[in-house]
Every structure is written in C-alpha cells, then in structure tokens.
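Okay, so here's the structure we're looking at.
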Amino acid sequence: MALSLKKTVVMVGMMGAGKTAIGRAVADELAVPFLDSDEEIVRAAQMEIPEIFARDGEGFFRDRETEVITRLLDEGPCILSTGGGAFLAQRNRDVISQKGVSVWLRADLELLWSRVRHKDTRPLLRTPDPKATLTSLHQARVPHYENADMVVDSHEDYSISDMAQRVISGLRKRPDVIENK
C-alpha cells in the first residue's frame, strides 16, 4: 500500500546522526523529494559552510539557515534534513512545528564520535579537542532536540534502511503527517 506524505518531515539531530542518509532513504521509500537545508545554503551563497562561518560568522549563517528552512517548508511535502544547530533556534522550532513535523534522530555520543571524528567538513569541530567540543555541543543541544515531535533512536547495528523504516513506522502513527493511499 502506497503512503502519501501530507506535510514536510524535518530531520533534526546532532552532526553524524544520519539526517542526510536516513532522510534520503525515507524520501526514496515515500517517493517524495529530499532536500537538505545546508546544501541549499551552499548553493545560494556559492561557498561552502566552513567558508561562510569563517567569512561572515555563525550568526550570519544561522539567519540564512532560518530563511532557507522557512522557504523549503513552503515548497510542499518533502523530507528535509537540517544542520545540527538548526533546531536550537526557537524561531526554527516554531516554523517547523507550524508547517511540518520534526523527527529527532537520537544517537549516543560514542556513535556520533565514531561517525564524525575522521571528517574535516565540520566547522564546529575544528578545535584542539574535537571530541570534547562534540561532547559539549551534545550536552547543550539535547534539551532542544527533546522538543522534537518524534524521536527515533539510532544504534550502531542499524543500517540506513533499518533507520528509514523506523522513521516511517513512527510517521504511520501520525495521520496528520502520512496516510495510506
């Protein structure tokens, strides 16, 4: 039986939680577009996120992020992946709550660290002690992520497909978000 998405599903969580990979898999399964707010910002700015942070600062980036998320939520039902810091801003949580549904991909710190420690694409982790930075970010962000409409727990043994099915299973319990066609 085919499923019909009625509103945008916004993937939130820490860097390394799988928002993009799992979001793409959910979008494929539901036959809806997948969008990534960070990719949209990069396209609009014509520069990479670390360059935006270095040139214009985090505040500037966060303002653009809110503009992009708001615009993407107005474009019709899709799966939207956001940057790890997007859900911290009350204005973003408000617009996501009004126009979509948030799904927190919850992963423990060690799983997140195992996924991000060898990547140099994370501007917030360009510090002398990136694991301590990740730990601090995790502690600061979890209280915000707890405001998500839905939580799907990650585990190191779950594949992307497993996680996508867990997200879809949770969405099936929300008739305001998804319905059988």
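Coordinate-derived values only; no laboratory data. Treat the numbers as computed from the prediction; the structure is a model and nothing was measured. Glycine also receives a Cβ, built like all others from the backbone with ideal geometry; neighbour counts cover every protein chain displayed.
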Amide H partners (placed H, <5 Å) of ILE178, local residues excluded: LYS6
Long-range HN-HN contacts of ASP36 with modeled amide H, under 5 Å: SER81
Per residue Cα convex hull volume in Å³ - calculated over region 29-70: 75 Å³
Binned Cα-Cα distances of region 1-41, short to long, each 10 Å bin given as a whole percent: 26, 55, 17, 1
Folded to 0 to 90 degrees: helix 49-73 orientation relative to the chain principal axis, Cα: 10 degrees
For region 63-170, average projected area of the Cα convex hull in nm²: 7.4 nm²
Selection from PRO50, SER114, GLN98, by position along the positive dipole direction of the chain (Cβ): GLN98
Where GluC sites (Glu not before Pro) in DSSP loops with at most 13 other Cβ within 10 Å are excluded, longest remaining stretch of the chain: 1-74
For the chain, calculated [θ]222 nm from helices alone, where every DSSP H run of n ≥ 4 adds -39500 (n - 2.57): -16000 deg cm²/dmol
For region 19-27, 3J(HN,Hα) per residue [Karplus equation, 6.51 cos²θ - 1.76 cosθ + 1.60, θ = phi - 60°, Hz, x = Gly/Pro]: 4, 6, 5, 6, x, 4, 5, 5, 4
Whole-angstrom Cα spans of the chain along principal axes, big to small: 51, 35, 26
Estimated dipole of the chain in Debye, rounded to 20 [Cβ of Lys and Arg +1, of Asp and Glu -1, Cα centre]: 240 debye
Folded to 0 to 90 degrees: helix 130-145 orientation relative to the chain principal axis, Cα: 40 degrees
